[in-house]
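To keep things clear, I will list the structure first and then write my remarks on it.
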Amino acid sequence: MEPLHVEATDSTPYVCLDKDKNLFEIAGKSKPSNVIEFYDPLLNWLDRYMEAPNPKTLLSIRLEYLNSASAKIINFIIKKLERAIKMGKEASVLWHYSVHEPDMKELGDNYSIMYNIPFEFKSYE
């Protein structure tokens with residue numbers, strides 16, 4: 001499966017989805033002008049990945065900022081990842097948040113309550 005790499009811009013996050021290297025990361029700011037256009041390739045990649053996920057999948061999310069449309073997409077991404085658990089695999093989310101942005105911690109807390117997937121929280125300055 002070909003990896004998906006997207007470089008960050010001022011309005012879109014860095015994305016690394018690499019099954020062979022077992023790297024799954026979204027980082028930066030997410031406020032694309034067209035959220036569907038930006039995230040559609042990522043969602044499609046995850047659909048293909050979930051056909052035969054790795055034994056363990058750790059999704060690292062380190063978003064400094066995301067708009068409400070991006071928050072909905074992150075919700076979909078976590079929901080897709082939860083499917084791996086239902087298939088008997090291990091999956092978890094590493095949620096990074098700035099100590100100066102309590103809303104980001106709260107958003108991660110909300111996602112962790114919504115889904116049956118382990119979350120680990122890491123703060124940074």
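The table for this structure:
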| item | result |
| --- | --- |
| Separation of the residue 43 and residue 121 label points, Cα + 7 Å toward Cβ, nm | 2.8 |
| Length-normalised contact order of the chain in % [C-alpha pairs under 8 Å, at least 6 apart] | 20 |
| Alpha carbon Rg of the chain, scaled by the compact-globule rule 2.2 N^0.38 Å | 0.99 |
| Under 19 Å from the residue 18 label point (7 Å along Cα→beta-carbon), backbone N, the stretch 52-68 | 53-62 |
| Fewest-first sequence of 93, 6 by Cβ atoms within 10 Å of each Cβ | 6, 93 |
| Theoretical FRET efficiency, 1/(1+(r/R0)^6), r = Cβ-Cβ of residue 51 and residue 8, R0 30 Å, to 0.05 | 0.60 |
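Read-outs throughout are calculated quantities, based only on the coordinates presented, and are distinct from any laboratory measurement. The structure presented is a predicted model; accordingly, all values stated were derived computationally and were not measured. Please note: Cβ atoms are built from the backbone with ideal geometry, for glycine as well, and neighbour counts cover all protein chains shown.
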